[in-house]
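The values are calculated or read from the model by the stated rules, or taken from the named source; none is laboratory data. Keep in mind the model is a prediction, meaning the values are calculated, not measured. Don't worry about glycine lacking a Cβ; one is built from the backbone with ideal geometry, like all the others, and counts go over all protein chains shown. Heads up: the accessible areas ignore ligands, DNA and RNA and are worked out on the full protein's heavy atoms, side chains in. Shrake-Rupley method; radii C 1.70, N 1.55, O 1.52, S 1.80 Å.
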Number of protein chains: 2
Amino acid sequence: MELTQARNDLIELQQRIAAYAHGMGSIIYDGETTAPKGTAANRAQSLGILSEEMYKITTGEETVSLLEFLDENKEELSDKERRMVYLMLKDLRRMQKIPMEEYVEYQKLIVEAQAVWEKAKHENDFESFRPYLEKIFDANKRAAGYCEPEKDPYDYWLNEYEEGIDMKFCDEFFGNLREHIVPLLKKIAEKPQVDDSCLVGDFPDYKQEELALYLMKVMGLDLEHVGLSTTEHPFTTSLGSHFDERITTHYKRDNFASSLFSVVHEGGHALYDTGSADDLAYTVLDGGVSMGIHESQSRFYENLIGRSRGFVNYIYPKLVELFPDALSHYTAEDIYKAVNKVEPSLIRTEADEATYCLHVMVRYELEKAIMHGELEVKDLPEAWNRLYKEYLGVDVPNDTKGVLQDSHWSSGSIGYFPSYALGTAYGAQFMKKMRERVDVEECLLKGDFAPINDWNREHIWKHGSLYTPKEILDKVLEGPFSTDAYVEYLEGKFGEIYEL
Amino acid sequence: MELTQARNDLIELQQRIAAYAHGMGSIIYDGETTAPKGTAANRAQSLGILSEEMYKITTGEETVSLLEFLDENKEELSDKERRMVYLMLKDLRRMQKIPMEEYVEYQKLIVEAQAVWEKAKHENDFESFRPYLEKIFDANKRAAGYCEPEKDPYDYWLNEYEEGIDMKFCDEFFGNLREHIVPLLKKIAEKPQVDDSCLVGDFPDYKQEELALYLMKVMGLDLEHVGLSTTEHPFTTSLGSHFDERITTHYKRDNFASSLFSVVHEGGHALYDTGSADDLAYTVLDGGVSMGIHESQSRFYENLIGRSRGFVNYIYPKLVELFPDALSHYTAEDIYKAVNKVEPSLIRTEADEATYCLHVMVRYELEKAIMHGELEVKDLPEAWNRLYKEYLGVDVPNDTKGVLQDSHWSSGSIGYFPSYALGTAYGAQFMKKMRERVDVEECLLKGDFAPINDWNREHIWKHGSLYTPKEILDKVLEGPFSTDAYVEYLEGKFGEIYEL
């Protein structure tokens, strides 16, 4: 094999893989946004076949010899090519270990599971979803066993979503957080509660959509390349490359803040993805490197930016213009306090910043228990409700607002949740570094996101998946990661709001 | 090769092709419905690659030897299998003649052309679209030359959209129609014009959407398997199989009839596609056989049903309920007459039944001239405007309402238009046969579409592409096709409305 040819083949192979991912991604995206309700089995049929084709391409003889040849000649490659080969070989080794039939079956399973979960959530019917969830957990356990038999299966999946972490790390990380969050919450509970009545009212969908598009523009998203749709559970996805990005939201007629913060959260993911250097498009380096770094961006925009006094002040006139009846009696400060009200609650995506990580810890503990056979899926609702009582002190009234609330498990993501908490903590430490160079308050007051986005682009976005999460952290933080910045931020912000 | 194995392989091959078509179809559908505006090049990149993969599958050695083996053993096959092999071999022979690079380039071209056309239409800018249209006409001429070099290139394409027709047939067909339509229009022009002021008013999109969904239900479409979206130009498509069908419409705020008849027209296509026998799914026999038969169904529901007195009477209460301010002063008979007002106009899709075929004839003459090098694309707007003046007596004010109005050319369909007129005439003759067994008036007054749909399903829909258009006509009509039933229908209906 000739090196020049092999380097070209490497690019072509990735373009081919990106095209399949685009086709499959469009089928899935359509299923979650606009497809008629009775068509899940039809999508499963096609996705099953296309997964099989993708499997053949990524594990085929030609691919194997190409990647092995390039790996043998890695000193001749550029940094980017070396990383491409590394990531693709890693993927290949894993795919080779999973029998093709199981791989294809699993792709079909999660398409069907998504539709079943959505219906189950609507109808508060965990039992109909249970067999699917059992299969999903089993398949994840089996896959971990195939790929790294010597490793704990939950450690395997944690590391898949955030390279370098394991249960030992998470236990310590969550332990640290709890140590500070629990006393903080106790102090807050002793103080008079914030009035959040301004958040409730009548907010028609089309006005909320106008707000969403306004927020996307303010954040600096390019609406020629980033689309907005509505789904049961908000998410962000790229189709084909970072040149076509989609975010989704969910409008609640009686509460405008729910969609507002979903849009800013998903918008953060979209900024990260679309911020990849253009020459990374159609390669495995396109888009964010890990779920932890991804969530560091989404949670950064949602909270450190979105729930800041400066940002709320900036968007206040637009809010009053859109919803004069509901909001004109309130000040920007009323809204700032309302969107920062701390109160243990049921729904993770709507949790305040102080209690948020407790929601994540519940899911972490449950995943850990199931992956180790210490808890059965059939007992999950009961265990969920028990932990919500223990960690957050709330009674879960039904599974719709409990164990069925998130779409992650139905889409096959086991081990993803911890990255939300981790990303949140990364984000707080990134903000601390950013403030050394950028006057963030000034930017927010003027609604000028360029300096903030430029800093993130330069340090994080443009690299796509070129560096590992650890390498990114080392480069950006110029020192070790810790929960200190996050704890400091929480104590400072809520100390001021609640006059602790 | 073993026959049993080959028969299984035939089914698997078709499932594989259907999966690729599903992926590509979803990318295209997304592009026309919800994708952000700047993403056409990204879709072209993926569609180019996936077309290449599809090309390799359909023309690969394995496929060739499988189909040839089955063809050699065709006496052993079922009718369905024989037809599958015939259609796939026909496709294969054609694909083999078109160089792969040209095929792939063409797939990319029409994705980009679609976006360019849409913008050009909005901005009344034919010039920006011209180079794309030139390439599309050239590519169609070249493809015809590759496939059947001895045949006239326009005859080639006419036959592709409706097996069995050519220019000789079309000239005669259109000649017959003109002979009757021109005097009919002259007589109508001498009579007092119908008052259609009831059609104009304020009709918000969300109310029109409610009407669209109501109409789909009344027509007997299964909303669990048929979706509704909005696009620049309404169309119908299947994704993966007839188990997932989509129709689109376009709401005009000041005119509810435009979307109403689009929905009933596209609904007719969707009834035909979704009416395929379920065991045809994921085979080449799934869905309608030709554009002519397809348009016979869409134009049947749009006009013979949708613009009938019985149907207008049936939906009248719903119309008044949705649009009380605009419509409660009018009777059902006012609306019936208004939606049947005959008046030469600019836009084909909104033309009345009497002038409709003249719009088609303009396109037919222009396509013929370009395909024979008698007209250049750069002179198309002028020629378009001249023929509209000559055939319909109207002055075309701009290209948006002229040569840029339809999406067919930008999507690469040259030779498609005649099937609209042909289908319209088929439909009138089908209706005449149907009335021998079904009391159509009674059905419409009761809003009971079951007997009408059952007749169409039994005679046309369930067969999918098992029979040629000619075989379908022979079976259904039990006699030769002619324009008589259509002319008789037009003369009867408008004779009564205009008291000729």
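Name the residue, out of B:LEU380, B:LEU375, that is open to solvent by less than 10 Å² (accessible area, probe 1.4 Å), among the aliphatic types (A, V, I, L, M) and either over 26 Å from B:GLU295 (Cα atoms) or in a helix (DSSP H, G or I) (or both).
Exactly one of B:LEU380, B:LEU375 is open to solvent by less than 10 Å² (accessible area, probe 1.4 Å), among the aliphatic types (A, V, I, L, M) and either over 26 Å from B:GLU295 (Cα atoms) or in a helix (DSSP H, G or I) (or both), namely B:LEU380.
So A:GLN114 passes all but one of these: (1) within 13 Å of chain B (Cβ to nearest Cβ); (2) within 27 Å of B:THR248 (Cα to Cα); (3) of a type outside the set (Asp, Glu). Which condition number does it fail?
Unmet condition: (1).
Of the numbered conditions (1) closer than 20 Å to A:LEU280 by Cα; (2) surrounded by 17 or more Cβ atoms within 10 Å (Cβ to Cβ), A:LEU50 satisfies every one except a single condition; which is it?
(1)
Looking at B:GLY227, B:GLY268, can you tell me which residue is open to solvent by less than 20 Å² (accessible area, probe 1.4 Å), over 30 Å from A:ILE49 (Cβ atoms), free of Cβ contacts under 8 Å to residues at least 60 places away in the same chain and of a type outside the set (Ser, Thr, Tyr)?
B:GLY268
Being in a loop (DSSP other than H, G, I, E, B) and acidic (Asp, Glu) is the filter; apply it to region B:383-421 and report the residue that is most open to solvent (accessible area, probe 1.4 Å).
My answer is B:ASP395.
Just give me the residues in region B:448-461 being touching a residue at least 60 places away in the same chain (Cβ under 8 Å) and open to solvent by 20 Å² or more (accessible area, probe 1.4 Å), in sequence order.
The answer is B:ALA450, B:ARG457.
Could you tell me whether any residue of region B:41-51 is touching a strand residue (DSSP E or B) at 6+ places or on another chain (Cβ under 7 Å), of a type in the set (S, T, N, Q) and in contact (Cβ under 8 Å) with a residue 24 or more places away in the chain?
no
I want to confirm something. Restricting to region A:210-222 and keeping residues that are without any contact (Cβ under 8 Å) to a residue 60 or more places away in the chain and more than 12 Å from every other protein chain (Cβ to nearest Cβ), which single residue is surrounded by the fewest Cβ atoms within 10 Å (Cβ to Cβ)?
Ranking the qualifying residues of region A:210-222, first place goes to A:LYS217.
Hand me the list of helices (runs of 4 or more DSSP H) wholly inside region A:1-98 holding 2 or more residues that are facing chain B (nearest Cβ under 8 Å) and either on the phi > 0 side of the Ramachandran plot or in contact with a Gly (Cβ under 7 Å, 6 or more places away or on another chain) (or both).
A:3-33, A:40-59
Please give the number of the condition B:THR58 fails out of (1) more than 25 Å from the chain's Cα centre (by Cα); (2) among the polar types (S, T, N, Q); (3) closer than 30 Å to A:LEU213 by Cβ.
Among (1) more than 25 Å from the chain's Cα centre (by Cα); (2) among the polar types (S, T, N, Q); (3) closer than 30 Å to A:LEU213 by Cβ, B:THR58 violates only (3).
Quick check on my filter: what residues within region B:177-200 are open to solvent by less than 70 Å² (accessible area, probe 1.4 Å) and touching a strand residue (DSSP E or B) at 6+ places or on another chain (Cβ under 8 Å)?
Within region B:177-200, B:LEU199 is the sole residue that qualifies.
One residue is enough: does region B:462-475 have a residue meeting the conditions under 29 Å from B:ASN313 (Cα atoms) and in contact with a helix residue (DSSP H, G or I) (Cβ under 9 Å, 6 or more places away or on another chain)?
No: region B:462-475 contains no residue that is under 29 Å from B:ASN313 (Cα atoms) and in contact with a helix residue (DSSP H, G or I) (Cβ under 9 Å, 6 or more places away or on another chain).
Return the residues of region B:100-128 that are open to solvent by less than 50 Å² (accessible area, probe 1.4 Å) and either without any contact (Cβ under 8 Å) to a residue 24 or more places away in the chain or among the small types (Gly, Ala, Ser) (or both); say none if nothing qualifies.
Matches in region B:100-128: B:ALA113, B:ALA115, B:ALA120, B:SER128.
Quick one: is B:HIS225 within 13 Å of chain A (Cβ to nearest Cβ) and in contact with a Phe, Trp or Tyr (Cβ under 7 Å, 6 or more places away or on another chain)?
Considered against the rule, which asks whether it is within 13 Å of chain A (Cβ to nearest Cβ) and in contact with a Phe, Trp or Tyr (Cβ under 7 Å, 6 or more places away or on another chain), B:HIS225 comes out as yes.
Among (1) more than 25 Å from A:HIS242 (Cα to Cα); (2) within 9 Å of chain B (Cβ to nearest Cβ); (3) among the acidic types (Asp, Glu), there is one condition A:GLU105 misses while meeting the rest; what is its number?
Checking A:GLU105 against (1) more than 25 Å from A:HIS242 (Cα to Cα); (2) within 9 Å of chain B (Cβ to nearest Cβ); (3) among the acidic types (Asp, Glu), the one that fails is (2).
Which condition number in (1) touching a residue at least 60 places away in the same chain (Cβ under 8 Å); (2) closer than 17 Å to A:ALA338 by Cα; (3) touching a strand residue (DSSP E or B) at 6+ places or on another chain (Cβ under 7 Å); (4) open to solvent by 40 Å² or more (accessible area, probe 1.4 Å) is the one that A:ASP254 fails?
Here A:ASP254 meets the rest and fails (1).
Just checking, does region B:422-437 include any residue being within 25 Å of B:ASN159 (Cβ to Cβ) and open to solvent by 20 Å² or more (accessible area, probe 1.4 Å)?
For region B:422-437, residues within 25 Å of B:ASN159 (Cβ to Cβ) and open to solvent by 20 Å² or more (accessible area, probe 1.4 Å): present.
Where the second residue is open to solvent by 20 Å² or more (accessible area, probe 1.4 Å) and modelled with pLDDT under 95 and the first is more than 11 Å from A:ASP91 (Cα to Cα) and small (Gly, Ala, Ser) and lies in region A:52-67, which pairs have Cβ atoms under 9 Å and are six or more apart or on separate chains?
Listed pairs, sorted by first residue: A:SER65/A:MET1.
Can you name the residue in region A:145-159 that is in contact with a Lys or Arg (Cβ under 7 Å, 6 or more places away or on another chain) and open to solvent by less than 50 Å² (accessible area, probe 1.4 Å) and is also nearest to A:LYS97 (Cα to Cα) among such residues?
Among those that are in contact with a Lys or Arg (Cβ under 7 Å, 6 or more places away or on another chain) and open to solvent by less than 50 Å² (accessible area, probe 1.4 Å), it is A:CYS147.
Answer with yes or no whether A:ARG83 is more than 30 Å from B:GLN14 (Cα to Cα), buried (at least 19 other Cβ atoms within 10 Å of the Cβ) and not acidic (Asp, Glu).
Considered against the rule, which asks whether it is more than 30 Å from B:GLN14 (Cα to Cα), buried (at least 19 other Cβ atoms within 10 Å of the Cβ) and not acidic (Asp, Glu), A:ARG83 comes out as yes.
How many of the residues in region B:312-330 are among the charged types (D, E, K, R) and surrounded by 15 or more Cβ atoms within 10 Å (Cβ to Cβ)?
Total meeting the criteria: 1.
Are any residues in region A:160-175 open to solvent by 30 Å² or more (accessible area, probe 1.4 Å) and touching a residue at least 60 places away in the same chain (Cβ under 8 Å), and if so, which ones?
Result: A:GLU160, A:TYR161, A:GLU163, A:GLY164.
Taking the criterion of being in contact (Cβ under 8 Å) with a residue 40 or more places away in the chain, more than 27 Å from A:PHE169 (Cβ to Cβ) and either surrounded by 21 or more Cβ atoms within 10 Å (Cβ to Cβ) or in contact with an Asp or Glu (Cβ under 6 Å, 6 or more places away or on another chain) (or both), would at least one residue in region A:288-304 satisfy it?
Scanning region A:288-304, I find no residue that is in contact (Cβ under 8 Å) with a residue 40 or more places away in the chain, more than 27 Å from A:PHE169 (Cβ to Cβ) and either surrounded by 21 or more Cβ atoms within 10 Å (Cβ to Cβ) or in contact with an Asp or Glu (Cβ under 6 Å, 6 or more places away or on another chain) (or both), so the answer is no.
Where in region A:287-372 are the helices (runs of 4 or more DSSP H), entirely inside, with at least 3 residues that are under 19 Å from A:SER262 (Cα atoms)?
Helices (runs of 4 or more DSSP H) meeting the threshold: A:291-299, A:309-322, A:332-338, A:353-371.
When residues of region A:157-214 are filtered for being outside any helix (DSSP H, G or I) and either farther than 28 Å from A:PHE311 by Cβ or of a type outside the set (Val, Ile, Thr) (or both), how many remain?
Residues flagged as outside any helix (DSSP H, G or I) and either farther than 28 Å from A:PHE311 by Cβ or of a type outside the set (Val, Ile, Thr) (or both) within region A:157-214 amount to 15.
Out of region B:371-405, which residues are among the small types (Gly, Ala, Ser) and at negative phi?
Listed by number, the residues that qualify are B:ALA383, B:GLY402.
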